[in-house]
1. Would you confirm whether any residue within region 175-185 is of a type in the set (Asp, Glu), touching a Lys or Arg at 6+ places or on another chain (Cβ under 7 Å), assigned to a helix (DSSP H, G or I) and more than 19 Å from Phe113 (Cα to Cα)?
2. List the residue pairs whose Cβ atoms are under 9 Å apart, where the first residue sits in region 88-110 and is without any contact (Cβ under 8 Å) to a residue 24 or more places away in the chain and closer than 17 Å to Lys56 by Cβ, the second is outside any helix (DSSP H, G or I) and open to solvent by 60 Å² or more (accessible area, probe 1.4 Å), and the two are 6 or more positions apart or on different chains.
3. Just to check your reading of the model, which residue among Gly58, Gly76 is under 15 Å from the mean Cα position of the chain (by Cα) and open to solvent by less than 70 Å² (accessible area, probe 1.4 Å)?
4. In region 110-133, what residues are open to solvent by 30 Å² or more (accessible area, probe 1.4 Å) and over 16 Å from the mean Cα position of the chain (by Cα)?
5. What about Ser45, is it under 19 Å from Leu168 (Cα atoms) and surrounded by 16 or more Cβ atoms within 10 Å (Cβ to Cβ)?
Amino acid sequence: RILFFIPGFLCVKSFKTANGELSLKTDKNGIICVVCAFIGVLLRSFTGFMSVFSWKTGVYSVLSVLALALGKAAGGFVRDRIGKGALTAISLGLSGVLFLFSNVPAIGLTAVFLFNMSMPVTLDLAAKSFKGARGFSFGLMTFALFLGFLPTYFGYSAKDNGALLCALCAVSCAFMFLSVREEKKIAF
């Protein structure tokens, strides 16, 4: 039922909230942009949650959280400087390659930092697809994060499997590029 509910809900043009009328007005390209960004976030979430490293204990667990948070923050600054497509290619491409060697703590931490830099791109893409519904866009991407967490919750992990992490980065990058391409075609 959810598979039918989400596309149907995205076709709703507007509805009333306590704060006034909320507009989800977009076109076909906007829907494609959001769906591709959603899948990209879901894949990145899945990749992030299943990336279990044997070295991630003690001080390295703290450094890993710092790399994650600083990567997201740096991604916003870099996105404003070089653009969405370039940031996506650089951050997800380099992190994918570095995940191949992530059994070395310094390389793994760098991969985590770069991997998280693309987060601001997805939020920006969703917000631009639904100009009148930035909160909804943020919530939609948060739902994708939750869905990416579920396989890990049910016991799936890929301990020190850099090749799988690299492949997931590549697939996520492809969906992100499709989203960036469609965002350029949105007509308002």
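1. Yes.
2. These pairs meet every condition: Ile107/Leu100; Ile107/Phe101.
3. Being under 15 Å from the mean Cα position of the chain (by Cα) and open to solvent by less than 70 Å² (accessible area, probe 1.4 Å) holds for just one of Gly58, Gly76, which is Gly76.
4. Of everything in region 110-133, those that are open to solvent by 30 Å² or more (accessible area, probe 1.4 Å) and over 16 Å from the mean Cα position of the chain (by Cα) turn out to be Thr110, Lys131, Gly132.
5. yes
The values are calculated or read from the model by the stated rules, or taken from the named source; none is laboratory data. Quick caveat: nothing in here was measured; it's all calculated off a predicted structure. So basically every Cβ, Gly included, is an ideal-geometry build from the backbone, and we count neighbours across all protein chains shown. These area figures cover heavy atoms from the full protein model, side chains too; ligands, DNA and RNA do not enter into them. Shrake-Rupley method; radii C 1.70, N 1.55, O 1.52, S 1.80 Å.
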